[in-house]
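This report concerns only the one structure given below.
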Amino acid sequence: MLQLLSEGIIEIKVNGEKRRTLVRPADTLLFALRERLGLTGAKPGCENGDCGACTVLVDGWPIKSCLMLAVEAVGHECLVPY
Ligand code: FES
């Protein structure tokens, strides 16, 4: 498991492409996708896990990206709507 103690670069696979981005340890996957990678298909709604507007597929499983840390996506494949 990747441990990120300060801001650092992670690599995640998004829509079949390896992407690198700078994140802080507490950045959510939703934040990294939208603000760092410019993939705005996952929408911020409640940002506490209730609405599902931020849902993406991680290794084929629907995940609320507002509840998952960006660093937790390392080594997994994300499928994000355009
Ligand atoms: S923004 Fe509502 S569940 Fe993620």
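Only the coordinates and a few stated rules stand behind these numbers; no lab work does. Note that the coordinates shown come from a computational prediction; the quantities given were computed from them, not determined experimentally. Cβ placement follows ideal geometry from the backbone for every residue including glycine, while neighbour counts extend to all protein chains displayed.
Write out the GluC sites (Glu not before Pro) in region 1-72 meeting two conditions: DSSP loop, and at most 10 other Cβ atoms within 10 Å of their Cβ. Mind dumping the intermediate values first?
Values: sites: Glu7, Glu11, Glu17, Glu35, Glu47, Glu72; in loops: Glu7, Glu47.
Answer in residue order: Glu7.
If you run the Gaussian network model on the chain, springs between alpha carbon atoms under 10 Å, then out of Gly41, Gly52, Gly16 the most flexible one is Gly16. The Cα trace of the chain gives Rg and Dmax of 11.4, 31 Å, the first to one decimal, the second as a whole number.
Across all Cα pairs in region 43-82, the calculated P(r) in 5 Å bins from zero up to the longest distance comes to 6, 28, 31, 24, 10, 1 percent per bin.
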